[in-house]
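Asker: I have a structure here, written as structure tokens, and I will follow up with some questions on it.
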Amino acid sequence: MTKITSETAKQIIHDTKGKIFSVSFTKKDGSHREMSARLGVKKHLKGGKRAFNPDDYNMLFVFDVHKEGYRTIPFERLLEVRFKGKKYSVS
């Protein structure tokens, strides 16, 4: 497993260009979360504005493909990114 920084992880996720990737991170309440997600999904949007800008909090909005809903990835608590058969450990 390759060790990367959170900035490199952010770049890898943006480079997925809408393809499915997986992440694991620690949630705000301290529990562990694994998620398969995609960027750029607009099918389930209901309109309106976001309550906050995710860039201000070092987060990213993604679509969780299993729960079929929008979630955020916190880059400061990101543990692992998996894409195209490669695993990256975030330190």
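The values are calculated or read from the model by the stated rules, or taken from the named source; none is laboratory data. For clarity, every value in this text was computed on a predicted model and none was experimentally measured. All Cβ positions, glycine included, derive from the backbone under ideal geometry; neighbour counts span all protein chains shown. Ligands, DNA and RNA are excluded from the accessible area calculation, which covers all protein heavy atoms including side chains. Shrake-Rupley method; radii C 1.70, N 1.55, O 1.52, S 1.80 Å.
Asker: So if I check each of 69, 30, 47, 18, which one is exposed (fewer than 15 other Cβ atoms within 10 Å of the Cβ) and in contact with a Gly (Cβ under 7 Å, 6 or more places away or on another chain)? So that I can check it myself, show each step before the final result.
Answerer: Working: 69 fails: in contact with a Gly (Cβ under 7 Å, 6 or more places away or on another chain); 30 fails: in contact with a Gly (Cβ under 7 Å, 6 or more places away or on another chain); 47 fails: in contact with a Gly (Cβ under 7 Å, 6 or more places away or on another chain).
Within the list 69, 30, 47, 18, the selection yields 18.
Asker: Something else: Restricting attention to region 6-61, which residues are among the hydrophobic types (A, V, I, L, M, F, W, C), out of contact with any Asp or Glu (no Cβ under 7 Å at 6 or more places or on another chain), touching a residue at least 24 places away in the same chain (Cβ under 8 Å) and part of a strand (DSSP E or B)?
Answerer: 21, 25, 60
Asker: How many of the residues making up region 1-15 are over 10 Å from the mean Cα position of the chain (by Cα), closer than 18 Å to residue 84 by Cα and open to solvent by 40 Å² or more (accessible area, probe 1.4 Å)?
Answerer: 6
Asker: Going by the structure shown, is residue 83 within 12 Å of the chain's Cα centre (by Cα) and either in contact (Cβ under 8 Å) with a residue 40 or more places away in the chain or open to solvent by 100 Å² or more (accessible area, probe 1.4 Å) (or both)?
Answerer: Numbers: within 12 Å of the chain's Cα centre (by Cα): yes; either in contact (Cβ under 8 Å) with a residue 40 or more places away in the chain or open to solvent by 100 Å² or more (accessible area, probe 1.4 Å) (or both): yes.
Against the criterion (within 12 Å of the chain's Cα centre (by Cα) and either in contact (Cβ under 8 Å) with a residue 40 or more places away in the chain or open to solvent by 100 Å² or more (accessible area, probe 1.4 Å) (or both)), residue 83 qualifies.
Asker: Considering each of 52, 75 in turn, give the residue that is more than 25 Å from residue 3 (Cα to Cα) and open to solvent by less than 100 Å² (accessible area, probe 1.4 Å).
Answerer: Details: 75 fails: more than 25 Å from residue 3 (Cα to Cα).
None of the others qualify; the one that does is 52.
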